Amino acid sequence: MAAETKAVLSTILNIEPIDLAYTGLKKDSLKGEVAVVTGGASNVGLGYARAIAWAGAKVVIADLNAEAGAETERVINAENGPDTALFVKTNITQEEDVKNLAAKAFQKFGKVDILVNNAMNMRLNGPVLSSPISDLDSSFAISGRGVMLAVKEFVPGMIERKHGVVTYSATQFHYAPPMVGGSIYTAGKAAATSIIMSLANEVKGTGVNVFCLTPAGVMRIDMSKFPPPPKDAPIPKDAPKFNMAMFGMPGFNGMVPPEAGGAAMVYCILHAEELHGSGIIITDAFNAMNFPYPNPATAPKPTESHRLSDMELTLAFCTMGPGFKK
Ligand SMILES: NC(=O)c1ccc[n+]([C@@H]2O[C@H](COP(=O)([O-])OP(=O)(O)OC[C@H]3O[C@@H](n4cnc5c(N)ncnc54)[C@H](O)[C@@H]3O)[C@@H](O)[C@H]2O)c1
């Protein structure tokens, strides 16, 4: 690894080098765009922010975590050049914070073209019966109120300029199936997905495109914390580039590294017109990109990836859009 890359990566953030050229994405495909990523200082949002910046856009990171946020700004600027990124400490549930975010974003970059609603408190995941009501309030505050505040702050300018993309990091679970566990998280997610899909109807034809992207299994696993996989585990030869664990989730062959999640987001933003008013699960984005994840030989075929189990079918209205043009 080059010395400068090592210096950039020597950080509290859990990241790997980013170079998305191998995905087919073009380095300047988002040049001239300005994006806001909420929850952009960790995992999925961090992958989105870095990938969007890699593709040439300016990025505003809105996050509660000031230390990780400042570090995200530093890393993105080191990777892409000074003044690519701006961190604004933001609690997206607070109206004055979101207004401050917008003021800082407009002051620095003059406009916002892309709004990535991604923030969430993943610990708000208890069952209905044993969770305090304050957990439900917090879940709705981030996923409902926070999304609506950001939409109201940034979308009018997009409509005025007839150009914009609004997206949301949805989940495929709109109530808690056994594998997810708690319900407080899914209740909040469903509220935000509903707001986003309603917005898609409201802004139809204005030049603003709105869709949900469901990350599903995006995280970096520290493999040193796990026993070595069995000898015949289906880890593709070309995968170790990423720190990938093969956990065999249904429909998935492993965990998706955040940088790859970011590549999928960039692809979806570039295809936002096709996706308007729908949701897309990340594996479909990879299929559409012919992404080498996890391995072309074992990747689900596009038609299979649309096939949802009975359990998912009742839950997954956000994944049941038209998807990409085939
Ligand atoms: N990881 C996955 O595979 C997966 C799957 C489905 C959906 N999602 C969704 O993707 C999003 C990101 O997930 P993640 O795994 O990266 O979670 P994460 O917990 O790693 O990151 C969430 C980020 O949001 C920030 N945040 C929390 N509350 C905030 C607030 N009030 N204001 C501003 N920032 C706030 C946190 O500080 C953190 O940086 C979430 O909305 C999650 O529901 C993730």
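The values are calculated or read from the model by the stated rules, or taken from the named source; none is laboratory data. Since we're looking at a predicted model, the values are computed, not measured. Glycine also receives a Cβ, built like all others from the backbone with ideal geometry; neighbour counts cover every protein chain displayed. Ligands, DNA and RNA are excluded from the accessible area calculation, which covers all protein heavy atoms including side chains. Shrake-Rupley method; radii C 1.70, N 1.55, O 1.52, S 1.80 Å.
Against the compact-protein benchmark of 2.2 N^0.38 Å, the Cα-based radius of gyration of the range 7-105 scales to 1.02.
The trypsin sites (Lys or Arg not before Pro) found in the range 109-147 that occupy coil by DSSP, while having at most 15 further C-beta atoms within 10 Å, are Arg123.
Using a 1.4 Å probe and counting only protein heavy atoms, arrange Lys26, Lys99, Lys58 so the residue with the most accessible area comes first. Intermediate values should be presented prior to the final figure.
Working: Lys26 130, Lys99 100, Lys58 75 Å².
From most accessible down to least: Lys26, Lys99, Lys58.
Could you work out how far the C-alpha centroid of the range 121-149 sits from that of the range 192-209, in angstrom? Computed from Cα coordinates, the inter-centre distance equals 23 Å.
Step through the table entries Lys152/Lys204; Lys162/Lys204; Lys26/Lys152, compare each Cα-Cα distance with 20 Å, and write down the pairs that go over it. From the list (Lys152/Lys204; Lys162/Lys204; Lys26/Lys152), the Cα-Cα distance tops 20 Å for Lys26/Lys152.
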